[in-house]
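Structure first, then comments.
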């Protein structure tokens, strides 16, 4: 009885805290939370102004990213497109969140994070406080040891946040001016939606640092990838993300929080909560730590049997209780999902480029990369992508922005594509002048790209080398001479191993023969604008019509390849 009363007390405190956080100051780089589940692939490319046919495409994104397909089976023809996603790994959740926060997240996660995609099963009028308490005790057993990382440097964290690519997805800090920006240059406000990160406020410094070092372990869906931070960088970044203005609480909340509310773990309740975790179908989205059982999916009616003409069930504006989860969808999301459900039977399989586009929207690859005229960093955010060295400024947008992914399937060898996607063999970075980092994803998250990029761009490989008949005509010596000498000397802009460029930094060509497909290499030299419109790479100088110089260059670069 006492614990039930304590639970009500905690809920009251949490509600007041929620109001205080909304009205008080937040971290300057935190995006203002929206009042509905935030799905970045939907937010960037869809709005209420879309017609239903186009909006339905966004509805399919929502069906997957909100994990509707964890409970409602999609048609067999769409099973591969709508696999759903694995939710946050709960291992160590009680190390990251205190019992109060655990209870809030169980009862109604939107109290703690308004924009969360996690629905509530206990926000309705029939909520069972005993079940909530048991689940809290179960989750409270999920702890692990993390190191004491120490306190990082806030200013170093602020600089890191604004130059390695964090602001491609998250909000830049209002008023922050990147180093070297002319005093009279105005910074535009970001127009595209930013991914909120309000849970950072609930983690302590060590927990947040640990998360930043191991995001793929915490978020196995790949929606927050690994930026290969050093321990010092993660500590600095955590210090910055925790450095918001102090929260000013009402007196009654301060008094409630200062009271001694001791949580004592009850093993019997924890065991009961373990069972409720399965009964409430939490295991449709979360793998229960330490359990070998599979996810318990498809317990509700299939997608094809759902009604779209009533604001009931998951479409309800208020929690209805029972087994129905409450998402708090907004009108545009409801309309998009309804449009998608109405088109289930006519939804065909995606072609290769459609599959790539679908996956790039899910993983938010478009935040940094363009492909087919879609995506790339928002113009107002480009200023936050750092130049690794001053000379790179001369390259313009090529010197600080991640490359477009057009032709990438015809460009990179399978080995190098794997380096880029999986981070194997030291990764595939060849642009040391970029501060932006290519993050590392779990192999399962990006493996579809490994097969689909080459297939989608296969036509560019057909026909083989245009200079195939001349493969034996060039020499390493001639290639080396062309690289270092003459009007078109490559050394002016490109490094080659330890040899540094003389004028401006370009891609280090030492790995070119291992990195590039031969046909792409030839076309890039003969007609660079056809592959990279706007590139600063000049038209060929000093190349004979027979292609002997190209063959010589390739042979010399091949001798440098690791």
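None of the figures in this text is laboratory data; all of them are computed from the coordinates on show. The structure presented is a predicted model; accordingly, all values stated were derived computationally and were not measured. As a convention, Cβ positions derive from the backbone with ideal geometry for all residues, glycine included, and neighbour counts pool all protein chains shown.
In table form, for the structure just shown:
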| read-out | value |
| --- | --- |
| Pair residue 217, residue 415: separation of 7 Å Cα→Cβ label points (nm) | 3.1 |
| Contact order normalised by residue count of segment 352-460, Cα under 8 Å, 6+ apart, percent | 30 |
| Residues residue 484 and residue 393, FRET efficiency given R0 of 25 Å [Cβ-Cβ distance, rounded to 0.05] | 0.50 |
| Pair residue 309, residue 295: separation of 7 Å Cα→Cβ label points (nm) | 3.2 |
| Two-site label geometry, residue 76 and residue 477: point separation in nm, points 7 Å out along Cα→Cβ | 6.8 |
| Contact order normalised by residue count of the chain, Cα under 8 Å, 6+ apart, percent | 18 |
| Peptides ranked, highest mean first, by Cβ atoms within 10 Å: ranges 282-288, 178-184 | 282-288, 178-184 |
| Equivalent ellipsoid semi-axes - Cα gyration tensor, segment 352-460, angstrom | 23, 16, 13 |
| Net lengthening on full extension, residue 529/residue 181 (0.36 nm per residue, minus Cα-Cα) | 122.3 nm |
| Global form of segment 468-560, assessed from the alpha-carbon gyration tensor, a/c cut-off 1.5 | rounded |
| Gain upon complete extension [residue 492, residue 243; 0.36 nm per residue less C-alpha separation] | 85.2 nm |
| Evaluated over the chain, the Cα radius of gyration and Dmax, each in Å | 26.7, 90 |
| MRE, 222 nm, helices only [DSSP H, n ≥ 4, -39500 (n - 2.57), over the chain, to nearest 500] | -10500 deg cm²/dmol |
| Relative contact order for segment 281-342, counting Cα pairs under 8 Å that sit 6 or more residues apart, in percent | 24 |
| Whether segment 75-149 is rounded, prolate or oblate, judged on the alpha carbon gyration tensor where a/c under 1.5 counts as rounded | oblate |
| Residue-span extension gain [residue 317 to residue 232] - 0.36 nm each, minus C-alpha spacing | 26.1 nm |
| Ranked by how many other beta carbons lie within 10 Å on average, peptides 50-63, 412-425 from highest | 50-63, 412-425 |
| Peptide ranges 495-503, 166-174 listed from the most packed, as the mean C-beta count within 10 angstrom indicates | 166-174, 495-503 |
